[in-house]
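Engineer: Here you go, one structure.
The values are calculated or read from the model by the stated rules, or taken from the named source; none is laboratory data. Bear in mind that the values here come from a model prediction, so they are computed numbers and not experimental data. Heads up, the Cβs are rebuilt from the backbone with ideal geometry, glycines too, and the neighbour counts pull from every protein chain shown. When the accessible area is computed, the model is the full protein with side chains, heavy atoms only, and any ligands, DNA or RNA have been set aside. Shrake-Rupley method; radii C 1.70, N 1.55, O 1.52, S 1.80 Å.
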Amino acid sequence: MALQGASSSATMLDMALLLSVFASILARAAAVGVCYGMSGDNLPPPSIVVGMLRDNGFTTVRLYSPERAALTALGGTGIRVVVGAPNDVLGTLASGGAAAAAWVRDNIQAYPMVSFRYVVVGNEVAGADTQLLVPAMENVHGALAVAGLSHIKVTTSISQATIGVHFPPSAGEFTDEAKSFLSFVIPFLERTRAPLLANLYPYFIYAYNPDAMDISFALFTAEGPVVQDAGYGYQNMFDVTVDALYTAVQKLGGSRVRVVVSETGWPSAGGVAASVENARTFNQNLVRHVSMGTPRRPRKIETYVFAMFNENLKEAGVEQNWGLFFPDTDRVYPISFSA
């Protein structure tokens, strides 16, 4: 009996140690994910990038397409992957179940060691291509289910420009153009219990008309509420946009649809108020803030910082300067990615 007691005590001690280690890992984990864009001819190989993700505590990463080398490098790491089915394959995916099944086989099933979180069908789709969205999403959703991968949610990522009304957040509404396709997308997400991904940038709202907003409201540095809405006080533009988007989604029948911020950030050079200090301030405050949620929804907001690197093949100016890191892997500015 004494030996059994000792064994039981040892087991409990082992479990306590494991829980302690797990808690430590969670405490160090990044509060945000990161967007890994590849529009550069001087970027480090994916094997190096995956090491950087792990070294900096990132547990989720967004890829804009199923890039083979990146997915291979991410296999077995435990890093959750949000992978895009890019806009140029929308027509193929919408054409039928066989095409979607082939895409899932080649780009999801081919990487059994990768922890896929979402398949993002299209990024900021506009114009006539919006009519392809729901058929493509339905086909990919069905192909994943047949493959036994229904835990991987199918969604799309929309532009901030789809939001026609931001203020007050309780009056949030999509533009008429956005409603023409989101009125079909939102019911699909509601039915499949998938989130809506949105690329939301307080920077662009500020830069469009700097005289209309104090920069502190965009950078999370306002000392008190700036916008009042039905008893809720808003101290930053990020929260305003997220809650306005929730209101707009609910108006289209998405009462259970969760909003994921699939891109946000601040450029370090190349445009209005684009500086290393402002980029550091925004992103560091973002990391600290998202775990608290918004005034109306005080719970963690799943968020992805744009972007991992400065990408030199993008349009000159602001577009090349969103990176947390230079291509040589040095940080653009000091920042902690833990909450």
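Engineer: Expressed as a rounded percentage, what relative contact order does segment 104-187 have, with Cα pairs under 8 Å and six or more residues apart? Walk me through the intermediate numbers first.
Structural biologist: Details: 73 pairs, mean separation 25.3, N = 84.
It rounds to 30 percent for segment 104-187.
Engineer: Then there's this: Calculate the FRET efficiency for GLU223 and GLU177 from the Cβ-Cβ distance with a Förster distance of 41 Å, rounded to the nearest 0.05. Walk me through the numbers on the way to the answer.
Structural biologist: Working: r = 37 Å, r/R0 = 0.91.
Calculated value: 0.65.
Engineer: Along Cα→Cβ, 7 Å out, is where each label goes; now give me the distance between the ones at VAL165 and LYS300 in nm to one decimal.
Structural biologist: 3.3 nm
Engineer: Assuming 1.002 mPa s and 20 °C, estimate D for segment 96-218 with Stokes-Einstein, Rh taken as the Kirkwood radius over Cα pairs, in µm²/s. Mind showing how you got there, number by number?
Structural biologist: Values: Rh = 16.2 Å.
Rounded to a whole number, D works out at 132 µm²/s.
Engineer: With r as the distance between the Cβ atoms of PHE184 and ALA69 and R0 = 41 Å, compute the FRET efficiency 1/(1 + (r/R0)^6) and round to 0.05. Present the calculation step by step, with values, prior to reporting the outcome.
Structural biologist: Details: r = 35 Å, r/R0 = 0.86.
With a Förster radius of 41 Å, E is 0.70.
Engineer: Could I ask something else about it? Only Lys, Arg, Asp and Glu count, each charged at its Cβ (+1, +1, -1, -1), so figure out the dipole size of the chain about its Cα centre, rounded to 20 debye.
Structural biologist: Values: 22 positive and 27 negative charges, 250 e Å.
Result for the chain is approximately 1200 debye, rounded to the nearest 20.
Engineer: Another one. Need one value: the accessible area of MET113 in square angstrom, 1.4 angstrom probe, rounded to the nearest 10.
Structural biologist: 130 Å²
Engineer: Okay, moving on. Restricting things to alpha carbons, tell me how big segment 263-332 is in terms of Rg and Dmax, in Å.
Structural biologist: 13.2, 41
Engineer: Could I ask something else about it? Within a Cβ distance under 14 Å of THR77, other residues only, what is the Lys/Arg minus Asp/Glu net charge?
Structural biologist: Values: positive: ARG54, ARG80, ARG117; negative: ASP55.
Net charge in that neighbourhood comes out at +2.
Engineer: If we restrict to alpha carbons, what Rg and Dmax does segment 150-206 come to, in Å?
Structural biologist: Reported Rg and Dmax, both Å: 12.6, 40.
Engineer: Here's something else I'd like to know. Over the Cα atoms of segment 23-102, what is the Rg over Rh ratio if Rh follows Kirkwood?
Structural biologist: My calculation of the ratio gives 1.06.
Engineer: Restricting things to Cα coordinates, could you compute the convex hull volume per residue of the chain in Å³?
Structural biologist: 172 Å³
Engineer: Could you check the spin-label model distance between ALA316 and SER255? Points 7 Å from the Cα along Cα→Cβ, value in nm.
Structural biologist: Label at ALA316, label at SER255, 5.4 nm between them.
Engineer: Moving on. Number of Lys-Lys pairs in the chain under 25 Å by Cα, sequence gap 8 or more or different chains?
Structural biologist: 5
Engineer: Still on this structure, please answer the following. For ASP41 paired with ALA98, estimate the spin-label separation in nm (one decimal), with each label point 7 Å from Cα along the Cα-to-Cβ line.
Structural biologist: Placing both labels 7 Å along Cα→Cβ, they lie 4.0 nm apart.
Engineer: Picking from VAL49, ALA244, ALA100, whose Cα lies most toward the positive end of the charge dipole for the chain (charges on Cβ: Lys, Arg +1; Asp, Glu -1)?
Structural biologist: Positive-most Cα among the choices belongs to ALA100.
Engineer: Counting only protein chains, not ligands or nucleic acids, how are HIS151, HIS141, HIS166 ordered by accessible area (probe 1.4 Å), most first?
Structural biologist: Descending accessible area places them as HIS151, HIS141, HIS166.
Engineer: Name the long-range amide H neighbours of ALA307: under 5 Å, sequence gap of 5 or more, or other chain; modelled H, no Pro or chain starts.
Structural biologist: It is GLY323, LEU324, by chain and number.
Engineer: Let me ask another. Give the distance, in whole Å, between the Cα centre of segment 146-175 and the Cα centre of segment 55-121.
Structural biologist: 20 Å
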